[in-house]
Protein chains: 2
Amino acid sequence: MNALLLIAHGSRRQASNDEVRELTKALAQKTNGDYSIVECAFLELADPLIPAGVSACVEKGAETVTVLPYFLSAGRHVVSDIPEELEKAQALNPGVNIKTAPYLGSAQGISEILINLSKQAS
Amino acid sequence: MNALLLIAHGSRRQASNDEVRELTKALAQKTNGDYSIVECAFLELADPLIPAGVSACVEKGAETVTVLPYFLSAGRHVVSDIPEELEKAQALNPGVNIKTAPYLGSAQGISEILINLSKQAS
């Protein structure tokens with residue numbers, strides 16, 4: 001089974017973490033069956049943290065975990081912190097194949113989304 | 001003339017600020033003539049700050065400035081800090097119409113972008 005794991009920074013503000021959880025539910029409805037498990041995890045400040053998020057996927061039967069970094073720039077979190085946490089997760093779950101997708105801010109479609117948003121300005 | 005002003009958080013890491021500047025150039029090429037001025041500004045840590053970014057648009061002839069918050073969640077920055085800075089900018093430029101679009105993380109298309117990114121995982 002394939003799992004998709006959305007990783008966000010995490011916030012002291014619970015509503016921000018809940019936005020990530022809602023997005024995770026939306027993702028689960030749009031994977032077209034490519035991923036039977038869709039979870040989220042946080043780098044810090046909210047649960048589950050990344051190793052626990054990977055373990056949750058594995059406990060549900062994931063053989064592959066595809067990580068989606070929900071970050072806008074290739075800063076320290078994307079370049080160093082998330083890979084380090086994924087190494088810990090890999091050590092805890094040696095049988096699982098953990099892959100990482102490009103971070104959100106690098107996606108081609110962002111500028112089109114922004115242009116569309118600009119039409120809703122008030 | 002209409003201006004589009006992308007507002008990002010700003011980072012101590014120049015490469016992150018440069019990512020925002022590159023995105024601003026990409027935006028400028030995709031506005032289909034709706035905006036003759038496309039600029040970026042930062043909430044903190046990088047130049048121009050928000051009031052200077054609005055002023056730059058006005059100096060180029062903008063009568064309307066549409067602000068695009070390049071943020072993933074409706075945290076303090078989106079809810080309080082950016083509106084406060086825009087109030088300062090409005091006071092400096094009383095003749096300009098400043099409008100604010102929904103923040104990036106609230107956009108419908110984000111989950112599709114994430115699904116597409118997941119296919120590039122390695």
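The values are calculated or read from the model by the stated rules, or taken from the named source; none is laboratory data. Quantities reported herein were computed from a predicted structural model and do not represent experimental measurements. So basically every Cβ, Gly included, is an ideal-geometry build from the backbone, and we count neighbours across all protein chains shown. The protein model used for the area step is the full one, side chains on, heavy atoms only, and it has no ligands, DNA or RNA in it. Shrake-Rupley method; radii C 1.70, N 1.55, O 1.52, S 1.80 Å.
Summary of computed values
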read-out	value
Members of the range A:66-87 that become less accessible by 30 Å² or more once partner protein chains are added (1.4 angstrom probe, chain alone as reference)	A:68, A:70, A:72, A:73, A:74
In sequence order, calculated HN-Hα J values of the range A:16-27 (Karplus, 6.51, -1.76, 1.60; Hz; x Gly/Pro)	5, 5, 5, 4, 5, 5, 5, 4, 4, 5, 5, 4
For the range A:1-46 and the range B:64-95, distance of Cα centres in Å	28
Nearest-first distances (nm) between copies at residue B:14, label 7 Å from Cα via Cβ	4.3
Accessible carbon and sulfur surface of the range A:2-118 relative to its total accessible area, %, 1.4 Å	49
Residue A:60 paired with residue A:87, simple spin-label distance in nm, labels 7 Å along Cα-to-beta-carbon	2.8
Low-density loop positions, trypsin sites (Lys or Arg not before Pro), the range A:1-100 - DSSP coil, at most 14 other Cβ in 10 Å	A:12, A:30, A:60
Theoretical FRET efficiency, 1/(1+(r/R0)^6), r = Cβ-Cβ of residue A:13 and residue B:1, R0 30 Å, to 0.05	0.20
Amide H within-cut-off set for residue A:49, under 5 Å, with H built and near neighbours excluded	A:42
Sequence-distant residues sharing a close amide H with residue B:99 (under 5 Å, placed H)	B:65, B:66, B:67
Accessible surface, per residue, of the range A:2-118 when the full set of protein chains is kept, probe 1.4 Å, Å²	45
Where GluC sites (Glu not before Pro) fall in DSSP loop in the range B:1-106, at most 15 other Cβ within 10 Å	B:44, B:63
Anchor residue A:30: lysines whose Cα lies under 23 Å away (excluding residues fewer than 8 positions away in-chain)	A:60, A:99, B:119
Interchain or long-range residues, amide H under 5 Å from residue A:36's placed H	A:2
